[in-house]
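What follows is a set of notes on a single structure, which appears directly below.
Nothing in this text is a laboratory measurement; each read-out follows from the coordinates by a stated rule. This is a predicted model, so every value here is computed, not measured. Cβ coordinates were reconstructed from backbone atoms using ideal geometry, including for glycine residues, and neighbour counts include every protein chain displayed.
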Amino acid sequence: MRKTRIAVLCSGGGTNFQAIVNAQEAGLIPHGEVVLVVTDNAGAYVLTRAARYHIESAVVDKKEYKDRRLREEKILSVMREKDIEFIVFAGFMTILSADFVSAYEGRIINIHPALIPSFCGPGYYGLKVHEEVLARGVKVTGATVHYVTEVCDGGPILLQKAVEVREGDTPEVLQKRVMREAEWVILPEAVELVCKKLQGIEG
Ligand code: GAR
């Protein structure tokens with residue numbers, strides 16, 4: 001079976017990266033293979049996770065590449081070097097330009113820790129999303145996997161999963177529940193879905 005070559009972009013801990021690798025090891029992503037991890041943070045724990053699985057990694061540190069255009073060019077050149085066909089943003093905290101997106105049109109997905117179109121867009125990332133969810137008092141939140149376009153969190157939605165907000169939740173407790181019940185479930189599913197789609201396999 002042909003395997004689509006996947007790069008995972010991640011800025012921090014990499015639990016979503018881990019979920020993808022776990023799914024891969026369990027045979028749930030037969031049409032794809034993570035061959036590269038790229039981070040914009042030299043201290044990201046995802047680098048340790050990648051090394052554990054002998055997956056190549058590249059650091060394009062924000063502190064070193066302060067200019068966004070140069071940073072994006074560097075990321076793109078790493079992608080081309082490794083023949084990457086499909087990019088997965090898994091906790092990647094950078095908004096990319098239209099030029100970057102158009103280079104991989106229809107081939108970039110992102111996981112967002114809320115039910116888009118709620119609690120999304122510029123400024124909504126990581127724990128901040130869950131703080132806003134609790135402040136607004138919504139009873140249901142969740143996660144969304146969507147295609148990346150030049151509009152932040154605005155691309156077509158692929159998968160969503162709802163998660164209950166409970167009395168007494170803190171942002172940290174809610175974040176963990178959203179990850180466990182939604183993100184780590186729908187992101188690996190979406191990865192396999194898109195790999196198949198890119199190979200022209202429907203369903
Ligand atoms: C995840 O909750 C992900 O959905 C979120 O950052 C966290 C990264 O955790 N992404 C965003 O907020 C993007 N706007 P991880 O590094 O453990 O996967």
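Number of Lys-Lys pairs in the range 80-203 with C-alpha atoms under 28 Å apart and a separation of 8 or more places or on different chains: 10. Taking a ≥ b ≥ c as the square roots of the eigenvalues of the alpha-carbon gyration tensor, the range 1-81 is classed oblate because a/c is 1.5 or more while a/b is no larger than b/c. What aspartates and glutamates could a cross-link reach from Lys66, if we take a straight Cα to Cα line under 13 Å and drop same-chain neighbours fewer than 8 places away? By straight Cα distance, Lys66 reaches Asp40. Protection proxy ranking, highest mean first, for peptides 7-17, 145-155: 7-17, 145-155, where packing is the per-residue count of other beta-carbon atoms within 10 Å, averaged. Applying a DSSP loop filter and a limit of 12 other Cβ atoms within 10 Å to the GluC sites (Glu not before Pro) in the range 1-110 leaves Glu64, Glu105.
The distance linking the range 77-111 with the range 1-59 is 14 Å (Cα centroid to Cα centroid, whole angstrom). Applying the criteria of a DSSP loop state and at most 16 other Cβ atoms within 10 Å to the chymotrypsin sites (Phe, Trp or Tyr not before Pro) of the range 42-89 yields Tyr45, Tyr53. Once the Cβ-Cβ distance of Arg52 and Glu189 is raised to the sixth power relative to R0 = 30 Å, the FRET efficiency obtained is 0.85. In this simple spin-label model, placing a label point 7 Å from the Cα along the Cα-to-Cβ direction at both Glu150 and Ala162 gives a separation of 3.5 nm.
Could you compute the FRET efficiency for Arg180 and Leu70, with r as their C-beta to C-beta distance and R0 at 25 Å, rounded to 0.05? Write down the numbers at each step before the final one.
Numbers: r = 37 Å, r/R0 = 1.50.
After rounding, the FRET efficiency stands at 0.10.
Grab the DSSP H runs of the chain that are 4 residues or longer, score each as -39,500 (n - 2.57), total them, divide by all residues and round the 222 nm result to the nearest 500 deg cm²/dmol. Could you put the intermediate results ahead of the total?
Details: 7 runs with 71 residues, N = 203.
When only DSSP H runs of four or more count, the value is -10500 deg cm²/dmol.
Residues within the reach of a label modelled at Lys62 (point 7 angstrom out along Cα to beta-carbon, backbone nitrogen below 17 Å), restricted to the range 136-154, are 152-153.
Bridging of Lys62 to lysines at a Cα separation below 17 Å is possible for Lys74, once same-chain residues fewer than 8 apart are set aside.
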